[in-house]
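Any read-out appearing in this document is the output of simple, stated calculations on the displayed coordinates, not a laboratory observation. Because the structure is predicted, anything quoted here is derived from the model rather than measured. Positions of Cβ are backbone-derived with ideal geometry, glycine not excepted, and every protein chain shown enters the neighbour counts.
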C-alpha cells in the first residue's frame, strides 16, 4: 500500500547537526570536480571529444566537470534507441514504473545533503534554495508515481446493456525533454519522470549550464531499476541537437521549460509536419513571467515589504515566478518603498557555499551582461534606490537592485529580466493596480497583499495569472499543493505538480465491446 502523498520537509539549517552535514557534503563532492561525464544512450556510456565545460558560477576558476556533448548523429542514435525501447516500455506495468520513481525518491532522500551540495556548486544556489530544489525533485517523484497509480485504469464511462465500454490512457511515444538551469534538479527530474512514468521513452537534453545534476539523476534512475533506453541522456547545443530533435518526425512530444524566445521557437518548429510524420506533435511548454505583487492601502505593510524582497531576490531573481514588479497603492507607496529599500540593503550576497549569504551569483556571463544592461535601462526609466552594481571578476555577482517611481509601460516593467531587479510603481486605487498587474504579455504568478476581502475576491476573478497568492510572496509553489503553470506568453499552463499533468503525456483510448 502506498501512503498518502505529502511534500518533502525542508532542512532546518539552524540546527548544528544539519549545518555540519551540509558542510561535509560540500567537501565530499569536491572529489568529483574535473570529472568527465559521458552521454548515456541505451544504457551505453559514450565519451565524445567535444565537451561542455561546467564551472561554478560563484567561482569561474572552479571547474566542476566536463560533460560529453551530443550532436545530430548521436541524437539520431538516441532517437532510434528510444523509438525501439518504446515498443516494450509502453506495455510495462504502471505499478513497476511508479515503483522506479518511489525508489529513486528514497535514494535521493538518503543522499539529500549530497545532492543539495551539487546544486550549491553547479547552480550557484544558497543552501536554503538548493535544499528546496532537492525537496521538490523528491516531491515530483513521489507525486507523479502516485498520480500514475491513480490513472492507470483510466476513467469510468457509461455502458448500455448491449455493450461494455472502457476508457483508458496510453502513452504517446518518444518525448524530448529540454530542462532549464534555474531549477536544475527539480524541474529536470519532474519533466523527465513524468514522461517516463506514463510509459513514454525520453531524450533528456538538460541545460548546457547545468548538465551534471542530470547525469546524477540518470544514475539514480538506473539504480532504482529503470531499464536501458527508457531515458537517454544527450546534453548538447540547442541550435544543433535541440532543433534537430524538435523537428524529427519520430518525436511525439516536446516538454520544455525556459525562455519565451526559445519556447516560441520550439512551438513553431514542432507545429510543422515533417516528411514521414504521422501525428501532430504535442508541446508542453513553460516559459517566463513578469510577476507582480499588488499592495493596497489596507495591507500589512511589513508583510508587503518582506514579500516583495523575498520574492524578488530569492535565488538572485532567477525564477520565472520571481517578483519583478510591485504595484503599490499611492496612500502607502512611500512607506512600502522605504521598507523595501531597508530590507534590500540588509541582504548579504556572495559565494553560496557560505551559508551566511542570502544571495549567490547569477548563472553565467550572458545572464550577467543581460541583467546589467537592464539596470542601465532602469536608470533611465526610474530612480535607482538600492543596488545597481555588479562584479564579474571572480563569479557573476549582482547586488539586489530596486528601482522606484517607474511607469507601468517602462521596459523594466514589461520585459523579463530574470535577475535581482525589482521595479516599484504606484496606483491610485485597487482597480488601477489590477489593470497594471495585467498589462504584460505574461501571466505566470502574482500576489495580492491586503486585508480587504472584497479586493481579494476581485483579484481572484480579475488578476489573470496561473498561480495567484494572497498575503504571501509570489514564489515557492509546492508540488501537489499549488499546481504550477501560467497563461498567455508564460506557456501552455501545464500545471506541473498537479492532478492533470501526467495526462498531457498520454492519449485517451476508448474500447467498446458488444455483449
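Summary table
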read-out: 0 to 90° range, to nearest 10: angle between helix 301-313 axis and the chain longest Cα axis; value: 50 degrees
read-out: Estimated [θ] at 222 nm from DSSP helical runs (n ≥ 4, -39500 (n - 2.57)) normalised by residues in the chain, nearest 500; value: -12000 deg cm²/dmol
read-out: Footprinting exposure proxy for 489, 218, 514, 188 (fewest neighbouring C-beta atoms within 10 Å first); value: 514, 489, 218, 188
read-out: Ascending count of other beta-carbon atoms within 10 Å, so fewest first, for 505, 244, 464; value: 464, 244, 505
read-out: C-alpha long axis of helix 212-223 to longest principal axis of the chain, angle in °; value: 40 degrees
read-out: Alpha-carbon centroids, the range 45-99 and the range 157-231: separation in whole Å; value: 13 Å
read-out: Angle in degrees between helix 127-151 and the longest Cα principal axis of the chain, rounded to the nearest 10; value: 40 degrees
read-out: The range 387-456 and the range 310-331: distance between their alpha carbon centers, rounded to Å; value: 6 Å
read-out: Residue exposure sequence - 357, 164, 118 - by fewest surrounding Cβ within 10 Å; value: 164, 357, 118
read-out: Percentage, to the nearest whole number, of Cα pairs in the chain over 30 Å apart; value: 49 percent
